[in-house]
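The values are calculated or read from the model by the stated rules, or taken from the named source; none is laboratory data. These numbers were taken from a predicted model, which means no experiment stands behind them. Because the Cβ atoms are built from the backbone with ideal geometry, glycine has one as well, and the counts that use them run over all protein chains shown. Quick note on the areas: whole protein, heavy atoms, side chains included, nothing else; ligands and nucleic acids left out. Shrake-Rupley method; radii C 1.70, N 1.55, O 1.52, S 1.80 Å.
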Amino acid sequence: MRRTVGVAAASAAVLLVAGCGGGGPQAGGEEKLTGDKIVLGVLNDQSGAYSELSGKNSVTAVEMAIADFTAKYGDKAVTRNITVETADHQNKPDVANSKAQEMYDRKGVDLILDVPTSSAALKVADVAKEKKKLYFNIGAATTDLTGKSCNKYTFHYAYDTYMLANGTGKTTTEQIGKNWYILYPNYAFGQDMEKSFSTAITAAGGTVVGKDGAPFPNTSGDFSTFLLKAPTLNPKPDVLGTMQAGAELVNVVKQYNEFKLRDKGVGLAVGLMFLTDIHSLTPAALAGTTYTDAWYWNFDAKNREFADRFQRKAGTRPTFAHAANYSAALQYLEAVQAAGTDDADAVVKGLEGKTIEDVFLRNGKIRAEDHRVVHDAYLAQVKPQAEVTEPWDYVKVLKTIPAAEAFRAPSADCKL
(Lines give C-alpha, C1' and ligand atoms only; values in the text may rest on other atoms or scores of the structure.)
Protein backbone atom coordinates (compact mmCIF):
# COMPACT_ATOMS: atom_id res chain seq x y z
CA MET A 1 0.00 0.00 0.00
CA ARG A 2 1.40 3.38 -0.99
CA ARG A 3 0.86 6.53 1.00
CA THR A 4 1.90 9.93 -0.32
CA VAL A 5 2.86 12.56 2.20
CA GLY A 6 1.99 16.17 1.54
CA VAL A 7 4.67 18.83 1.77
CA ALA A 8 2.81 21.30 3.96
CA ALA A 9 4.89 22.67 6.82
CA ALA A 10 4.60 20.47 9.88
CA SER A 11 5.63 22.17 13.07
CA ALA A 12 7.46 25.41 13.62
CA ALA A 13 9.74 23.47 15.94
CA VAL A 14 11.57 21.47 13.32
CA LEU A 15 14.22 19.26 14.86
CA LEU A 16 17.79 20.09 13.97
CA VAL A 17 20.26 17.27 13.52
CA ALA A 18 23.87 17.58 14.57
CA GLY A 19 26.29 17.87 11.73
CA CYS A 20 23.71 18.33 8.95
CA GLY A 21 24.26 20.97 6.33
CA GLY A 22 21.59 22.74 4.34
CA GLY A 23 23.13 22.29 0.94
CA GLY A 24 22.31 19.04 -0.81
CA PRO A 25 22.86 18.10 -4.44
CA GLN A 26 20.83 20.90 -5.91
CA ALA A 27 23.80 23.23 -5.37
CA GLY A 28 25.62 21.38 -8.13
CA GLY A 29 22.57 21.41 -10.38
CA GLU A 30 22.40 17.62 -10.58
CA GLU A 31 20.16 15.22 -8.68
CA LYS A 32 21.17 11.61 -8.35
CA LEU A 33 18.05 9.88 -7.10
CA THR A 34 16.63 6.70 -8.55
CA GLY A 35 13.53 7.81 -10.42
CA ASP A 36 13.98 11.31 -8.95
CA LYS A 37 12.18 10.17 -5.79
CA ILE A 38 12.66 8.53 -2.40
CA VAL A 39 10.46 5.64 -1.30
CA LEU A 40 10.40 4.56 2.34
CA GLY A 41 8.98 1.17 3.31
CA VAL A 42 7.35 0.35 6.65
CA LEU A 43 7.16 -3.41 7.13
CA ASN A 44 5.60 -4.57 10.38
CA ASP A 45 2.77 -6.31 12.20
CA GLN A 46 -0.48 -4.48 11.43
CA SER A 47 -2.97 -7.10 12.59
CA GLY A 48 -1.47 -9.23 15.36
CA ALA A 49 0.27 -9.19 18.74
CA TYR A 50 2.56 -6.24 17.94
CA SER A 51 0.15 -4.08 15.96
CA GLU A 52 -0.64 -1.68 18.80
CA LEU A 53 2.93 -0.98 19.90
CA SER A 54 3.99 -0.18 16.33
CA GLY A 55 1.72 -1.13 13.42
CA LYS A 56 -0.01 1.48 11.30
CA ASN A 57 0.92 4.26 13.69
CA SER A 58 4.57 3.75 12.76
CA VAL A 59 3.54 4.72 9.23
CA THR A 60 2.13 7.93 10.70
CA ALA A 61 5.45 8.57 12.47
CA VAL A 62 7.37 8.12 9.21
CA GLU A 63 4.99 10.49 7.44
CA MET A 64 5.69 13.06 10.14
CA ALA A 65 9.42 12.71 9.49
CA ILE A 66 8.89 13.31 5.78
CA ALA A 67 6.80 16.41 6.49
CA ASP A 68 9.40 17.79 8.91
CA PHE A 69 12.25 17.12 6.48
CA THR A 70 10.39 18.85 3.66
CA ALA A 71 9.50 21.79 5.88
CA LYS A 72 13.13 22.17 6.95
CA TYR A 73 14.66 22.16 3.46
CA GLY A 74 11.83 23.42 1.25
CA ASP A 75 13.07 23.95 -2.31
CA LYS A 76 16.58 22.94 -1.25
CA ALA A 77 15.45 19.41 -0.40
CA VAL A 78 17.08 16.66 -2.43
CA THR A 79 13.55 15.89 -3.61
CA ARG A 80 10.00 16.70 -2.57
CA ASN A 81 8.77 13.45 -4.08
CA ILE A 82 8.90 11.17 -1.02
CA THR A 83 6.35 8.40 -0.56
CA VAL A 84 5.70 5.53 1.84
CA GLU A 85 5.01 1.88 1.03
CA THR A 86 3.64 -0.28 3.83
CA ALA A 87 2.94 -3.97 4.33
CA ASP A 88 1.90 -6.41 7.07
CA HIS A 89 4.41 -9.21 7.67
CA GLN A 90 2.03 -10.98 10.11
CA ASN A 91 5.01 -11.86 12.36
CA LYS A 92 5.94 -14.61 9.89
CA PRO A 93 9.54 -14.86 8.63
CA ASP A 94 8.52 -16.20 5.21
CA VAL A 95 6.02 -13.40 4.72
CA ALA A 96 8.61 -10.82 5.83
CA ASN A 97 11.07 -12.27 3.34
CA SER A 98 8.66 -12.06 0.40
CA LYS A 99 7.34 -8.62 1.35
CA ALA A 100 10.88 -7.24 1.67
CA GLN A 101 11.82 -8.56 -1.76
CA GLU A 102 8.64 -7.08 -3.22
CA MET A 103 9.34 -3.72 -1.61
CA TYR A 104 12.89 -3.52 -2.94
CA ASP A 105 12.27 -5.04 -6.38
CA ARG A 106 8.75 -3.98 -7.37
CA LYS A 107 7.92 -1.01 -5.16
CA GLY A 108 11.24 0.80 -5.57
CA VAL A 109 11.76 1.11 -1.83
CA ASP A 110 15.08 2.70 -0.83
CA LEU A 111 14.84 1.93 2.90
CA ILE A 112 12.84 -0.60 4.90
CA LEU A 113 11.92 0.44 8.43
CA ASP A 114 10.59 -1.20 11.60
CA VAL A 115 10.15 -5.03 11.26
CA PRO A 116 9.31 -6.27 14.76
CA THR A 117 9.61 -10.01 15.46
CA SER A 118 13.25 -11.07 15.50
CA SER A 119 12.84 -14.09 13.21
CA ALA A 120 11.25 -11.83 10.60
CA ALA A 121 13.87 -9.13 11.16
CA LEU A 122 16.71 -11.54 10.45
CA LYS A 123 15.10 -12.59 7.16
CA VAL A 124 14.82 -8.97 6.07
CA ALA A 125 18.48 -8.41 6.95
CA ASP A 126 19.37 -11.23 4.55
CA VAL A 127 17.30 -9.62 1.81
CA ALA A 128 18.86 -6.19 2.41
CA LYS A 129 22.32 -7.72 2.12
CA GLU A 130 21.42 -9.53 -1.09
CA LYS A 131 19.77 -6.50 -2.70
CA LYS A 132 22.32 -4.01 -1.31
CA LYS A 133 19.50 -1.85 0.01
CA LEU A 134 19.15 0.01 3.30
CA TYR A 135 17.31 -1.47 6.28
CA PHE A 136 16.82 0.24 9.66
CA ASN A 137 15.41 -2.23 12.16
CA ILE A 138 13.34 -0.63 14.91
CA GLY A 139 11.01 -3.24 16.35
CA ALA A 140 13.14 -6.38 16.81
CA ALA A 141 15.44 -7.02 19.75
CA THR A 142 17.80 -9.81 18.75
CA THR A 143 21.46 -8.94 19.11
CA ASP A 144 22.19 -11.15 16.10
CA LEU A 145 21.41 -8.10 13.93
CA THR A 146 24.68 -6.63 15.18
CA GLY A 147 26.33 -10.00 15.71
CA LYS A 148 26.55 -13.00 13.44
CA SER A 149 23.81 -11.68 11.11
CA CYS A 150 25.15 -8.13 10.75
CA ASN A 151 25.75 -6.72 7.28
CA LYS A 152 26.74 -3.48 5.61
CA TYR A 153 23.19 -2.40 4.78
CA THR A 154 21.46 -3.19 8.09
CA PHE A 155 21.32 -0.81 11.06
CA HIS A 156 19.84 -1.74 14.45
CA TYR A 157 18.20 1.38 15.74
CA ALA A 158 16.15 1.39 18.94
CA TYR A 159 16.94 -1.35 21.45
CA ASP A 160 18.07 -4.94 21.86
CA THR A 161 18.01 -7.76 24.37
CA TYR A 162 21.30 -6.71 25.95
CA MET A 163 19.93 -3.22 26.66
CA LEU A 164 16.82 -4.68 28.29
CA ALA A 165 18.67 -7.25 30.37
CA ASN A 166 21.44 -4.87 31.38
CA GLY A 167 18.83 -2.55 32.87
CA THR A 168 15.98 -4.69 34.15
CA GLY A 169 17.74 -7.98 34.84
CA LYS A 170 20.60 -6.41 36.76
CA THR A 171 18.50 -3.95 38.77
CA THR A 172 15.74 -6.41 39.66
CA THR A 173 18.24 -9.02 40.85
CA GLU A 174 20.04 -6.48 43.02
CA GLN A 175 16.94 -4.85 44.49
CA ILE A 176 14.05 -7.34 44.44
CA GLY A 177 15.05 -11.01 44.27
CA LYS A 178 17.90 -13.34 43.41
CA ASN A 179 15.97 -16.40 42.18
CA TRP A 180 14.26 -16.16 38.79
CA TYR A 181 11.86 -18.19 36.70
CA ILE A 182 11.99 -17.02 33.09
CA LEU A 183 9.06 -17.41 30.68
CA TYR A 184 9.84 -16.51 27.09
CA PRO A 185 8.24 -16.78 23.63
CA ASN A 186 9.96 -19.66 21.90
CA TYR A 187 11.41 -17.97 18.83
CA ALA A 188 14.52 -15.89 18.06
CA PHE A 189 13.55 -12.86 20.18
CA GLY A 190 12.54 -14.87 23.23
CA GLN A 191 15.53 -17.18 23.01
CA ASP A 192 17.86 -14.19 22.81
CA MET A 193 16.05 -12.52 25.73
CA GLU A 194 16.41 -15.65 27.86
CA LYS A 195 20.15 -15.80 27.19
CA SER A 196 20.72 -12.08 27.79
CA PHE A 197 18.68 -12.01 31.01
CA SER A 198 20.28 -15.21 32.34
CA THR A 199 23.71 -13.67 31.80
CA ALA A 200 22.74 -10.39 33.51
CA ILE A 201 21.05 -12.16 36.43
CA THR A 202 24.06 -14.40 37.04
CA ALA A 203 26.46 -11.47 36.81
CA ALA A 204 24.41 -9.65 39.45
CA GLY A 205 24.62 -12.61 41.83
CA GLY A 206 21.28 -14.21 41.00
CA THR A 207 20.18 -17.66 39.83
CA VAL A 208 17.76 -18.82 37.16
CA VAL A 209 15.93 -21.67 38.91
CA GLY A 210 13.77 -22.49 35.89
CA LYS A 211 12.91 -21.38 32.38
CA ASP A 212 10.33 -22.32 29.78
CA GLY A 213 9.63 -21.37 26.19
CA ALA A 214 5.96 -20.76 25.41
CA PRO A 215 4.62 -21.23 21.87
CA PHE A 216 4.72 -18.16 19.62
CA PRO A 217 2.30 -16.97 18.58
CA ASN A 218 0.27 -18.34 21.47
CA THR A 219 -3.07 -18.36 19.70
CA SER A 220 -4.93 -19.65 22.76
CA GLY A 221 -3.67 -16.83 24.97
CA ASP A 222 -3.33 -19.37 27.79
CA PHE A 223 -0.15 -19.26 29.89
CA SER A 224 -1.61 -20.99 32.96
CA THR A 225 0.59 -24.10 32.75
CA PHE A 226 3.74 -22.01 33.08
CA LEU A 227 2.42 -19.52 35.62
CA LEU A 228 1.06 -22.18 37.97
CA LYS A 229 4.39 -24.00 37.76
CA ALA A 230 6.38 -21.04 39.08
CA PRO A 231 5.51 -21.22 42.82
CA THR A 232 6.03 -25.01 42.85
CA LEU A 233 9.70 -24.81 41.88
CA ASN A 234 12.40 -25.57 44.43
CA PRO A 235 13.82 -23.17 45.31
CA LYS A 236 10.78 -21.02 44.77
CA PRO A 237 11.56 -18.07 42.49
CA ASP A 238 11.45 -14.56 43.92
CA VAL A 239 10.82 -13.19 40.44
CA LEU A 240 8.85 -14.29 37.41
CA GLY A 241 10.60 -12.76 34.42
CA THR A 242 8.22 -12.61 31.48
CA MET A 243 9.78 -11.94 28.08
CA GLN A 244 6.53 -11.74 26.13
CA ALA A 245 5.59 -8.49 24.40
CA GLY A 246 2.51 -6.75 23.08
CA ALA A 247 -0.79 -8.63 23.34
CA GLU A 248 0.96 -11.72 24.73
CA LEU A 249 2.45 -9.72 27.59
CA VAL A 250 -1.02 -8.40 28.37
CA ASN A 251 -2.33 -11.98 28.68
CA VAL A 252 0.59 -13.08 30.88
CA VAL A 253 0.12 -10.18 33.31
CA LYS A 254 -3.65 -10.67 33.50
CA GLN A 255 -3.18 -14.35 34.37
CA TYR A 256 -0.33 -13.57 36.79
CA ASN A 257 -2.73 -11.32 38.70
CA GLU A 258 -5.59 -13.81 38.38
CA PHE A 259 -3.50 -16.55 39.99
CA LYS A 260 -2.33 -14.12 42.71
CA LEU A 261 1.32 -15.04 42.25
CA ARG A 262 2.50 -11.89 43.97
CA ASP A 263 0.62 -13.01 47.11
CA LYS A 264 2.48 -16.31 46.80
CA GLY A 265 5.83 -14.52 46.96
CA VAL A 266 6.60 -14.48 43.23
CA GLY A 267 7.26 -10.93 42.03
CA LEU A 268 6.99 -9.79 38.42
CA ALA A 269 9.67 -8.43 36.11
CA VAL A 270 8.85 -7.51 32.52
CA GLY A 271 11.58 -7.91 29.94
CA LEU A 272 10.03 -5.69 27.28
CA MET A 273 7.13 -3.32 27.79
CA PHE A 274 5.56 -0.62 25.68
CA LEU A 275 3.28 2.25 26.65
CA THR A 276 0.40 0.54 24.87
CA ASP A 277 0.83 -2.52 27.10
CA ILE A 278 0.43 -0.41 30.24
CA HIS A 279 -2.58 1.31 28.71
CA SER A 280 -4.24 -2.02 27.94
CA LEU A 281 -3.60 -3.46 31.39
CA THR A 282 -4.00 -0.18 33.34
CA PRO A 283 -1.31 1.06 35.74
CA ALA A 284 -3.14 -0.63 38.62
CA ALA A 285 -2.22 -4.04 37.20
CA LEU A 286 1.46 -3.12 36.88
CA ALA A 287 2.04 -0.59 39.67
CA GLY A 288 5.65 -0.65 40.82
CA THR A 289 6.87 -2.78 37.92
CA THR A 290 10.35 -1.71 36.86
CA TYR A 291 11.50 -2.12 33.28
CA THR A 292 13.94 -0.65 30.76
CA ASP A 293 12.60 1.82 28.21
CA ALA A 294 14.25 3.21 25.10
CA TRP A 295 12.22 6.47 25.18
CA TYR A 296 9.28 7.97 27.05
CA TRP A 297 6.87 10.51 25.62
CA ASN A 298 6.69 12.73 28.73
CA PHE A 299 10.37 12.62 29.66
CA ASP A 300 10.96 16.27 28.77
CA ALA A 301 9.53 19.17 26.75
CA LYS A 302 11.08 18.01 23.47
CA ASN A 303 9.52 14.57 23.74
CA ARG A 304 6.18 15.99 24.76
CA GLU A 305 6.09 18.39 21.81
CA PHE A 306 6.58 15.47 19.45
CA ALA A 307 4.01 13.41 21.36
CA ASP A 308 1.43 16.19 21.14
CA ARG A 309 1.86 16.40 17.36
CA PHE A 310 1.73 12.63 17.07
CA GLN A 311 -1.45 12.42 19.14
CA ARG A 312 -3.19 14.98 16.94
CA LYS A 313 -2.52 12.72 13.96
CA ALA A 314 -2.81 9.24 15.46
CA GLY A 315 -5.22 9.81 18.34
CA THR A 316 -2.83 8.15 20.81
CA ARG A 317 0.46 8.81 22.56
CA PRO A 318 3.56 7.37 20.86
CA THR A 319 5.48 4.34 22.04
CA PHE A 320 9.24 4.26 21.73
CA ALA A 321 8.80 2.30 18.49
CA HIS A 322 6.83 5.18 16.97
CA ALA A 323 9.42 7.75 18.04
CA ALA A 324 12.27 5.58 16.76
CA ASN A 325 10.63 5.09 13.36
CA TYR A 326 10.26 8.87 13.10
CA SER A 327 13.91 9.38 14.02
CA ALA A 328 15.20 6.67 11.69
CA ALA A 329 13.25 7.97 8.71
CA LEU A 330 14.45 11.52 9.39
CA GLN A 331 18.08 10.46 9.75
CA TYR A 332 17.95 8.52 6.50
CA LEU A 333 16.55 11.54 4.67
CA GLU A 334 19.23 13.74 6.20
CA ALA A 335 21.89 11.28 5.04
CA VAL A 336 20.54 11.31 1.48
CA GLN A 337 20.42 15.11 1.59
CA ALA A 338 24.04 15.28 2.72
CA ALA A 339 25.25 12.69 0.21
CA GLY A 340 23.23 14.13 -2.68
CA THR A 341 22.27 10.62 -3.73
CA ASP A 342 20.25 7.63 -2.64
CA ASP A 343 23.07 5.28 -3.59
CA ALA A 344 23.12 2.83 -0.70
CA ASP A 345 26.90 2.66 -0.36
CA ALA A 346 27.21 6.44 -0.26
CA VAL A 347 24.45 6.73 2.34
CA VAL A 348 26.04 4.02 4.51
CA LYS A 349 29.36 5.84 4.39
CA GLY A 350 27.69 9.03 5.59
CA LEU A 351 25.88 7.26 8.42
CA GLU A 352 28.78 5.30 9.87
CA GLY A 353 30.25 6.99 12.92
CA LYS A 354 27.67 9.79 12.87
CA THR A 355 26.69 11.40 16.17
CA ILE A 356 23.06 12.43 16.48
CA GLU A 357 20.83 14.39 18.83
CA ASP A 358 17.13 14.31 18.03
CA VAL A 359 13.81 13.63 19.72
CA PHE A 360 14.58 9.92 20.06
CA LEU A 361 18.36 9.67 20.08
CA ARG A 362 20.01 11.31 23.09
CA ASN A 363 23.79 11.05 22.95
CA GLY A 364 23.18 8.97 19.86
CA LYS A 365 25.88 7.50 17.67
CA ILE A 366 25.84 5.05 14.77
CA ARG A 367 28.74 2.68 15.42
CA ALA A 368 30.74 1.98 12.29
CA GLU A 369 31.92 -1.39 13.61
CA ASP A 370 28.53 -3.13 13.72
CA HIS A 371 25.84 -0.53 12.84
CA ARG A 372 24.43 -0.59 16.36
CA VAL A 373 22.80 2.78 17.04
CA VAL A 374 23.63 3.57 20.67
CA HIS A 375 21.81 6.14 22.79
CA ASP A 376 20.68 6.80 26.34
CA ALA A 377 18.18 4.32 27.78
CA TYR A 378 15.97 4.63 30.85
CA LEU A 379 15.13 2.60 33.91
CA ALA A 380 11.41 3.25 34.36
CA GLN A 381 8.71 2.30 36.84
CA VAL A 382 4.95 2.12 36.41
CA LYS A 383 3.17 4.62 38.65
CA PRO A 384 0.45 3.60 41.10
CA GLN A 385 -2.96 4.50 39.72
CA ALA A 386 -3.33 7.25 42.33
CA GLU A 387 -0.27 9.07 40.92
CA VAL A 388 -1.53 9.12 37.34
CA THR A 389 -2.60 12.71 36.72
CA GLU A 390 -3.34 12.59 32.97
CA PRO A 391 -4.09 9.93 30.38
CA TRP A 392 -1.07 7.96 29.16
CA ASP A 393 1.37 9.42 31.70
CA TYR A 394 1.89 6.09 33.42
CA VAL A 395 5.63 6.04 34.05
CA LYS A 396 8.30 7.74 36.08
CA VAL A 397 11.90 7.54 34.92
CA LEU A 398 14.11 6.41 37.80
CA LYS A 399 17.46 6.61 36.08
CA THR A 400 19.06 7.48 32.75
CA ILE A 401 21.41 4.74 31.56
CA PRO A 402 24.18 6.46 29.54
CA ALA A 403 24.57 5.37 25.94
CA ALA A 404 28.06 4.03 26.64
CA GLU A 405 26.63 1.64 29.26
CA ALA A 406 23.26 0.79 27.72
CA PHE A 407 24.52 -1.37 24.85
CA ARG A 408 27.10 -4.12 24.58
CA ALA A 409 30.48 -3.58 22.94
CA PRO A 410 30.78 -4.54 19.26
CA SER A 411 30.66 -8.30 18.80
CA ALA A 412 33.54 -10.24 17.29
CA ASP A 413 30.88 -12.20 15.40
CA CYS A 414 30.03 -9.14 13.27
CA LYS A 415 31.94 -9.04 10.01
CA LEU A 416 30.64 -6.12 7.99
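Overview of results
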quantity	calculated
Index of the failed condition, Val78 passing every other in (1) within 24 Å of Ser149 (Cβ to Cβ); (2) surrounded by 24 or more Cβ atoms within 10 Å (Cβ to Cβ); (3) among the aliphatic types (A, V, I, L, M)	(1)
Any hit, the range 147-165, residues being within 26 Å of Val250 (Cα to Cα) and basic (Lys, Arg)	no
Residues of the range 283-316 that turn out to be basic (Lys, Arg) and within 24 Å of Ala403 (Cβ to Cβ), as a count	2
Filter pass, Leu183 being open to solvent by 40 Å² or more (accessible area, probe 1.4 Å), at pLDDT 95 or above and within 26 Å of His279 (Cα to Cα)	no
Yes/no for Val78 being in contact (Cβ under 8 Å) with a residue 12 or more places away in the chain and either farther than 18 Å from Thr341 by Cβ or part of a strand (DSSP E or B) (or both)	no
The range 393-411 residues that are over 15 Å from Leu379 (Cβ atoms), paired with ones that are of a type in the set (S, T, N, Q) and assigned to a loop (DSSP other than H, G, I, E, B) (beta carbon under 7 Å, 6 or more apart)	Asp393/Asn298
Count of the range 384-403 residues which are open to solvent by 30 Å² or more (accessible area, probe 1.4 Å), touching a strand residue (DSSP E or B) at 6+ places or on another chain (Cβ under 6 Å) and either within 18 Å of Ala321 (Cα to Cα) or in a loop (DSSP other than H, G, I, E, B) (or both)	1
Among the candidates Lys133, Lys129, Lys123, Lys152, residue that is within 13 Å of Pro93 (Cβ to Cβ) and among the charged types (D, E, K, R)	Lys123
Any hit, the range 246-264, residues being hydroxyl-bearing (Ser, Thr, Tyr), more than 19 Å from Ala165 (Cα to Cα) and either touching a residue at least 12 places away in the same chain (Cβ under 8 Å) or in contact with a Phe, Trp or Tyr (Cβ under 9 Å, 6 or more places away or on another chain) (or both)	yes
The listed residue being small (Gly, Ala, Ser), assigned to a helix (DSSP H, G or I), open to solvent by 20 Å² or more (accessible area, probe 1.4 Å) and at pLDDT below 95, out of Gly35, Gly22	Gly35
Number of positions in the range 97-154 that are among the polar types (S, T, N, Q) and touching an Asp or Glu at 6+ places or on another chain (Cβ under 7 Å)	5
Failed criterion for His156 (all others in (1) crowded, with 23+ Cβ neighbours inside 10 Å; (2) under 19 Å from Val39 (Cα atoms); (3) not β-branched (Val, Ile, Thr) hold)	(2)
Candidate set: the range 346-383, residues that are under 17 Å from the mean Cα position of the chain (by Cα) and of a type in the set (Gly, Ala, Ser); chosen: the one surrounded by the fewest Cβ atoms within 10 Å (Cβ to Cβ)	Gly364
First in the range 293-310 and at pLDDT 95 or above, second anywhere and among the basic types (Lys, Arg), Cβ under 8 Å, 6 or more apart	Trp297/Arg304; Trp297/Arg317; Asn298/Arg304; Ala307/Arg317; Phe310/Arg317
Criterion (modelled with pLDDT under 95, more than 27 Å from Arg408 (Cβ to Cβ) and small (Gly, Ala, Ser)) met by exactly one of Gly340, Gly315, Gly288	Gly288
